[in-house]
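Read the structure below first, then the notes.
The values are calculated or read from the model by the stated rules, or taken from the named source; none is laboratory data. Only a predicted model underlies this, so the values are computations on that prediction, with no experimental measurement involved. As a convention, Cβ positions derive from the backbone with ideal geometry for all residues, glycine included, and neighbour counts pool all protein chains shown. The area values use the complete protein model at the heavy-atom level, side chains included, leaving out ligands, DNA and RNA. Shrake-Rupley method; radii C 1.70, N 1.55, O 1.52, S 1.80 Å.
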Amino acid sequence: MQSIYERIEFLIKKQGMTKKSFCAQLGISTGNMGDWKRGKSTPGTHKLIEIAGFFQVSLDWLVLGKQTMTVQESGGDYFFDEIRQPSCHPTELLPEQKNFIKEYLAFTEYRKRLDKNRDGVPEEKQDEDENT
């Protein structure tokens, strides 16, 4: 099997379908199939993905005729140490870092209140909105 079309034709036959029913199920015109057969064009990327999914084959096989190697990862997950952080930081934040973050969050809340006041929303209404 050399061409994409020949691989698609092989899959259609293997599935026991007709080309016409295949085209109808995937929304492909028979004219496009004819163009693929003559080598005038090939399926677009989205259609190749749809065809590969329909027949449950890899894109590598459908496009190139190559069997893909299955990559399997062995054991474990990607988290580190007992705190299970998805990063390279082995410990929690330092107290100074925590304080900085708290101050930053307080500052952003202050800025939001200022922005709301500039937009004409009374501060009492803002407090009500924040509590609901």
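Could you look through the range 37-58, keep only residues that are assigned to a helix (DSSP H, G or I) and in contact with a Ser or Thr (Cβ under 9 Å, 6 or more places away or on another chain), and pick out the one that is farthest from Gly27 (Cα to Cα)? Steps first, please.
Pass one, the range 37-58, residues assigned to a helix (DSSP H, G or I): 37-38, 45-55.
Subsequent filtering for residues that are in contact with a Ser or Thr (Cβ under 9 Å, 6 or more places away or on another chain) retains 37, 48, 52.
Working: Lys37: 17, Leu48: 12, Ala52: 14 Å.
Only one residue tops the list, namely Lys37.
Looking at the range 98-106, can you tell me whether even one residue there is under 30 Å from Gln2 (Cα atoms), modelled with pLDDT of 75 or more and open to solvent by 60 Å² or more (accessible area, probe 1.4 Å)?
Residues of the range 98-106 under 30 Å from Gln2 (Cα atoms): none.
Checked against the condition, which is being under 30 Å from Gln2 (Cα atoms), modelled with pLDDT of 75 or more and open to solvent by 60 Å² or more (accessible area, probe 1.4 Å), the range 98-106 yields no hits at all.
Of the residues Ser29, Ser3, Ser41, which is modelled with pLDDT under 90, more than 18 Å from Gly53 (Cα to Cα) and open to solvent by less than 80 Å² (accessible area, probe 1.4 Å)?
Values: Ser29 fails: modelled with pLDDT under 90; Ser41 fails: modelled with pLDDT under 90.
When all the criteria are applied, what remains is Ser3.
Cβ-Cβ under 9 Å, sequence separation 6+ or interchain: first residue in the range 11-40 and at positive phi, partner modelled with pLDDT of 90 or more and outside any loop (DSSP other than H, G, I, E, B). Which pairs?
So the pair list comes out as Gly27/Lys47; Gly27/Glu50; Gly39/Tyr5.
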